[in-house]
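Novice: To start, I am sharing the structure in question, which I have written as structure tokens.
The values are calculated or read from the model by the stated rules, or taken from the named source; none is laboratory data. These figures come from a predicted structure and were not determined experimentally. Positions of Cβ are generated from backbone atoms using ideal geometry, with glycine treated the same way; all protein chains shown enter the neighbour counts.
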Amino acid sequence: MALPRTAKALFLLALHVSAASCRILNSSSSLTILLQNDLLGSLSDSGEATILTDTASYQEASQKCSEIQESLINLEEIKSSFNLSAVLGHLTYDGPLDNDQLYWVASGPGNCQATNAEGKIRVVSCLKQLPGLCTQNAPFSNVSYADTSSKWQVTVQSGAQNITGFRDRASFRFLGVRYASQPERFTYAQTFAGPSNQSALAFGQECIQLPGAGGEDCLFLNIFTSYLPGENAAGNPNQLRAVMFYLHGGAFLVGSGADPEYDGGNLASRGDVVVVTINYRLGIFGFLALDDNSTNGNYGIADQIIALDWVRANIAAFGGDPDRITVFGQSAGANSVRALLGSPQAIGKFAAAMPLSHVAGLGILGSFYTTYPTIADAASSTFDVVLAPTNCSSAKSQVDCLRGFEPQDLLFLTAGMTPYVVQDGTYVNTPYLILNGSGHVANVHLTLGVMRDDAAALIPYPTTTNITQAIEEAGISPDFYINNTGLFPEPSGANATLDVFNVTAHMATDGELRCLDEAIAVAGVRNNIFKSVWFYEYTRSYQPLSFAVNTPVCQAPTDAGHPYGDTSMPYFRCHAGDVYYTFGNLIRQGQPQRDDIDLPFSQLIVDLYTSFARSYTPNPSLEYLRVRDYDSTLQQIDRPGGCWEPVERGENPTLRRLDWPSSQAVFNEVAQCNALGLPLDYFTD
């Protein structure tokens, strides 16, 4: 079904779990999967893993391994590529490994053996209390395969909920966990608390969306973790991991937390964090607002906050720290993060935020996302696209009329609706995120930024060589160009249409993303709104197959010597070109490496982002990288200019240009942003 222009552009609590109420039901021990995850999955030479258990005697440690259908590891039989010290490096963050610490391993008859981190085995008393190292034979999963058989299953109890997931080689995976029961259409969801026995072996239904997939019973989340606390450890916050809570993009029209690009296993495993991805209601089902004093909209935003409440109440059972949650999202997910930063219902529930490619400013999308209309204004726009096609305009109760439709019928009849985030008075109560110091904004750590050519995948490719007409088709006033041709130069290449596209993509990237994102960073620092601010610009990208827009401009050009793309040649670094890197899923998605940089660059991005989630700086400590043997990232950071500097007060704030190697640079396009009426001080007055 073809979408109308606007929709087509949009397409492009608080209680901690006590030690008594959360535990692993089919294991008497905490379990930690230790893997030197290089993001190659089953292709890795370092794919051997071990599972760490709590301290116990030799016999008890052996029993703990048996409970999960494993045995104590035999270091003499394991592959020579197994790097025990690097694997055990996951037990430390800022200091060297304790080489005096011993771990139970498989022993011959008549004695009990333990190893130190260097693999030196010795005989010790069988009654000594030591952590155990179990085998980890669960296979790697990938985009099309996961072994969820009972052998790999694990059940976690949190409150009155028993949730059964499974492990693959890298992480424990709990998929399709219900965080809210299906609410009545156009009402707000309530946090699910059980009692229940949930099977979390497969992703839950996605929220209904074009072209007709999913359904209304869709409020599920997914948890990826390498650590599950046992009953004795569940109340120890020092053992809990930072949480990364992801909000998917898709213009509030499409998408799901189950999309393969967002699989959190590699991010959780390599970065030693707990990753949560969620579904939330979309389109008319998530964002209808009527001027009837009851249908107030923002149901999708409220779903995100309800999911956040569920996570805060339950994540300790899965090894996550409810006081160290980073909310992050890309595209519409980034705009969701912005809404949460100013939401009275969300403030205080997370410690850091990462809006990635947040859209605001000019153009078809920028103007749509910059401000939050009132309910009355949003409702006035629904007549032609919602009430008229459904014949509900004259109904005694318009909302009851809309509730009477089958979900698929309502989806298709209202396909032209624009899903606005509105000022509903509860979840969003200001016309925009107030950054001049007078508003109520979450005082958290913030990382944000853009792709160098972000909007090249968000605007139409020109059908004309008339540059002013093309600019207008991109949703921007040609006057900005006519008055500032020197700031937006048109190349003189062999392809005249591509030359025009260079200009429209340049203007749209600045006008729809870069300018106001840089202004948010500057206001956050100058007005002391955020605890720290870090800004980036990607100058390397890998466009995902799921968002292959304006092909082939967002792909590195191919030739006989570079069948998958020559990244040294010109190409546009487009919207969503960071997603594979963010989650470390390039190989998992079955994508080829274009060169010898794609993999280490993805490792670098995972290391930077998870460092921010753990410690609120995107600069992992050198000792952390050494002890885990993350050599490629260590080499990038332990060099002159290798540190990502925060945005600071002053006339020349800087950003991190994410590439190989990365570099620090002064905010660019400042003159262009001034010309577009979106200066760095846009939010500071």
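Novice: So which residues in region 463-474 are outside any helix (DSSP H, G or I), surrounded by fewer than 24 Cβ atoms within 10 Å (Cβ to Cβ) and touching a helix residue (DSSP H, G or I) at 6+ places or on another chain (Cβ under 6 Å)? I'd like the intermediate steps shown before the answer.
Specialist: Start the filter on region 463-474 by keeping residues that are outside any helix (DSSP H, G or I), which leaves 463-466, 474.
When the remaining residues are screened for being surrounded by fewer than 24 Cβ atoms within 10 Å (Cβ to Cβ), the result is 463-466.
Listed by number, the residues that qualify are 464, 465.
Novice: Further question: When the residues of region 406-459 are filtered to those that are among the polar types (S, T, N, Q) and either surrounded by 19 or more Cβ atoms within 10 Å (Cβ to Cβ) or under 23 Å from the mean Cα position of the chain (by Cα) (or both), which remaining residue is nearest to residue 550 (Cα to Cα)? Give the derivation first.
Specialist: Pass one, region 406-459, residues among the polar types (S, T, N, Q): 408, 414, 418, 423, 426, 429-430, 436, 438, 443, 447.
Restricting the remaining residues to those that are either surrounded by 19 or more Cβ atoms within 10 Å (Cβ to Cβ) or under 23 Å from the mean Cα position of the chain (by Cα) (or both) gives 414, 418, 423, 443, 447.
Details: 414: 26, 418: 23, 423: 34, 443: 39, 447: 28 Å.
Checked region 406-459; the qualifying residue nearest to residue 550 (Cα to Cα) is 418.
Novice: Just one of the numbered conditions (1) surrounded by fewer than 21 Cβ atoms within 10 Å (Cβ to Cβ); (2) closer than 14 Å to residue 673 by Cα is not true of residue 481; which one?
Specialist: Here residue 481 meets the rest and fails (1).
Novice: Anything in region 362-396 that is polar (S, T, N, Q) and in contact with a strand residue (DSSP E or B) (Cβ under 7 Å, 6 or more places away or on another chain)? List them, or say none. Steps first, please.
Specialist: Filtering region 362-396 for residues polar (S, T, N, Q) gives 367, 370-371, 374, 380-382, 390-391, 393-394.
Of everything in region 362-396, just one residue is polar (S, T, N, Q) and in contact with a strand residue (DSSP E or B) (Cβ under 7 Å, 6 or more places away or on another chain), namely 374.
Novice: Here is a further query. Residues of region 49-91 being part of a loop (DSSP other than H, G, I, E, B) and either at pLDDT 90 or above or among the aromatic types (Phe, Trp, Tyr) (or both), which ones?
Specialist: Within region 49-91, the first condition is being part of a loop (DSSP other than H, G, I, E, B), and the residues that meet it are 53-55, 57, 68-71, 73-83.
Scanning region 49-91 gives 53, 54, 55, 57, 68, 69, 70, 71, 73, 74, 75, 82.
Novice: Take residue 251 and tell me if it is assigned to a loop (DSSP other than H, G, I, E, B), over 14 Å from the mean Cα position of the chain (by Cα) and surrounded by 23 or more Cβ atoms within 10 Å (Cβ to Cβ). Reasoning before the result, please.
Specialist: On the way: assigned to a loop (DSSP other than H, G, I, E, B): yes; over 14 Å from the mean Cα position of the chain (by Cα): yes; surrounded by 23 or more Cβ atoms within 10 Å (Cβ to Cβ): yes.
Judged against the criteria, residue 251 is a match.
Novice: For region 108-125, indicate whether the set of residues that are within 21 Å of residue 68 (Cβ to Cβ) and among the basic types (Lys, Arg) is non-empty. Don't jump to the end; show me each part of the working.
Specialist: Narrowing region 108-125 to residues within 21 Å of residue 68 (Cβ to Cβ): 112-115.
Right, trim to among the basic types (Lys, Arg) and you get none.
Looking through region 108-125, none of the residues is within 21 Å of residue 68 (Cβ to Cβ) and among the basic types (Lys, Arg).
Novice: Output the qualifying pairs, or none if there are none: Cβ atoms under 7 angstrom, residues six or more apart or on different chains, first residue in region 510-532 and crowded, with 24+ Cβ neighbours inside 10 Å, second residue charged (D, E, K, R) and assigned to a helix (DSSP H, G or I).
Specialist: Here the result reads 513/454, each pair linking region 510-532 to a residue that is charged (D, E, K, R) and assigned to a helix (DSSP H, G or I).
Novice: Is there a residue being within 39 Å of the chain's Cα centre (by Cα), under 23 Å from residue 260 (Cα atoms) and among the hydroxyl-bearing types (Ser, Thr, Tyr) anywhere in region 113-126? Outline the logic, then answer.
Specialist: First, the residues of region 113-126 that are within 39 Å of the chain's Cα centre (by Cα): 115-119.
When the remaining residues are screened for being under 23 Å from residue 260 (Cα atoms), the result is none.
Scanning region 113-126, I find no residue that is within 39 Å of the chain's Cα centre (by Cα), under 23 Å from residue 260 (Cα atoms) and among the hydroxyl-bearing types (Ser, Thr, Tyr), so the answer is no.
Novice: Read through the list (1) in contact with a His (Cβ under 8 Å, 6 or more places away or on another chain); (2) crowded, with 19+ Cβ neighbours inside 10 Å, then give the number of the only condition that residue 387 fails.
Specialist: (1)
Novice: State whether one or more residues within region 288-302 are touching a strand residue (DSSP E or B) at 6+ places or on another chain (Cβ under 6 Å) and of a type in the set (Ser, Thr, Tyr). Can you show your working first?
Specialist: First pass over region 288-302, keeping only residues touching a strand residue (DSSP E or B) at 6+ places or on another chain (Cβ under 6 Å): none.
Taking every residue of region 288-302 in turn, none turns out to be touching a strand residue (DSSP E or B) at 6+ places or on another chain (Cβ under 6 Å) and of a type in the set (Ser, Thr, Tyr).
Novice: Find all pairs meeting these conditions: Cβ atoms under 6 angstrom apart; at least six residues apart or on different chains; first residue within region 564-586 and modelled with pLDDT of 95 or more; second residue basic (Lys, Arg).
Specialist: Pairs found: 564/594; 565/594; 567/594; 573/452.
Residues are listed down the side, and each one gets a yes or a no for (1) outside the structural domain of residue 348 (by TED's automatic domain parsing); (2) touching a Lys or Arg at 6+ places or on another chain (Cβ under 6 Å); (3) acidic (Asp, Glu):
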{"site": "402", "(1), (2), (3)": "no, no, no"}
{"site": "405", "(1), (2), (3)": "no, no, no"}
{"site": "409", "(1), (2), (3)": "no, no, yes"}
{"site": "418", "(1), (2), (3)": "yes, no, no"}
{"site": "424", "(1), (2), (3)": "yes, no, yes"}
{"site": "434", "(1), (2), (3)": "yes, no, no"}
{"site": "437", "(1), (2), (3)": "yes, no, no"}
{"site": "442", "(1), (2), (3)": "yes, no, no"}
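Novice: Also, quick follow-up: Go over the candidates 114, 61 one by one and state the one that is surrounded by 14 or more Cβ atoms within 10 Å (Cβ to Cβ), within 25 Å of residue 171 (Cβ to Cβ) and of a type in the set (A, V, I, L, M, F, W, C). Working first, answer last.
Specialist: On the way: 114 fails: within 25 Å of residue 171 (Cβ to Cβ).
Answer to the check: 61.
Novice: Still on this structure, please answer the following. Give, as residue ranges, the strands (runs of 3 or more DSSP E) completely inside region 255-374 that count at least 3 residues that are surrounded by fewer than 24 Cβ atoms within 10 Å (Cβ to Cβ). Talk me through it step by step, then tell me what you get.
Specialist: Numbers: elements: 274-278, 320-330, 352-356.
Once the strands (runs of 3 or more DSSP E) in region 255-374 are filtered for at least 3 residues that are surrounded by fewer than 24 Cβ atoms within 10 Å (Cβ to Cβ), what remains is 320-330.
Novice: Could you check how many residues of region 402-434 are in a loop (DSSP other than H, G, I, E, B) and farther than 16 Å from residue 382 by Cβ? Show your work before the answer.
Specialist: The initial filter retains those residues of region 402-434 that are in a loop (DSSP other than H, G, I, E, B), namely 404-406, 414-422, 424-434.
Add one more test, that the residue is farther than 16 Å from residue 382 by Cβ, and what stays is 404, 406, 425-434.
Looking only at that region, the number is 12.
Novice: Are any residues in region 375-401 part of a loop (DSSP other than H, G, I, E, B) and over 19 Å from residue 424 (Cα atoms), and if so, which ones?
Specialist: Our first condition is that a residue be part of a loop (DSSP other than H, G, I, E, B); within region 375-401, this holds for 381-382, 391-397.
The answer is 391, 392, 393, 394, 395, 396, 397.
Novice: Is there any pair linking a residue in region 402-427 that is on the phi > 0 side of the Ramachandran plot to one that is buried (at least 19 other Cβ atoms within 10 Å of the Cβ) and not β-branched (Val, Ile, Thr), with Cβ under 9 Å and at least six apart or on different chains, and which?
Specialist: From residues that are on the phi > 0 side of the Ramachandran plot, the pairs are 425/296.
Novice: Among the residues of region 557-611 satisfying the criterion of being surrounded by fewer than 18 Cβ atoms within 10 Å (Cβ to Cβ) and acidic (Asp, Glu), which is farthest from residue 461 (Cα to Cα)?
Specialist: Within region 557-611, the match that is farthest from residue 461 (Cα to Cα) is 596.
Novice: Residue under question is residue 492, and the condition is that it be among the hydroxyl-bearing types (Ser, Thr, Tyr), surrounded by fewer than 24 Cβ atoms within 10 Å (Cβ to Cβ) and modelled with pLDDT under 95; does it hold? Don't jump to the end; show me each part of the working.
Specialist: Values: among the hydroxyl-bearing types (Ser, Thr, Tyr): yes; surrounded by fewer than 24 Cβ atoms within 10 Å (Cβ to Cβ): yes; modelled with pLDDT under 95: yes.
When the stated conditions are applied, residue 492 passes them.
Novice: Got a sec? Which of 153, 161 is surrounded by 15 or more Cβ atoms within 10 Å (Cβ to Cβ), modelled with pLDDT under 95 and closer than 21 Å to residue 318 by Cβ? I'd like the intermediate steps shown before the answer.
Specialist: Details: 153 fails: modelled with pLDDT under 95.
On inspection, the qualifying residue turns out to be 161.
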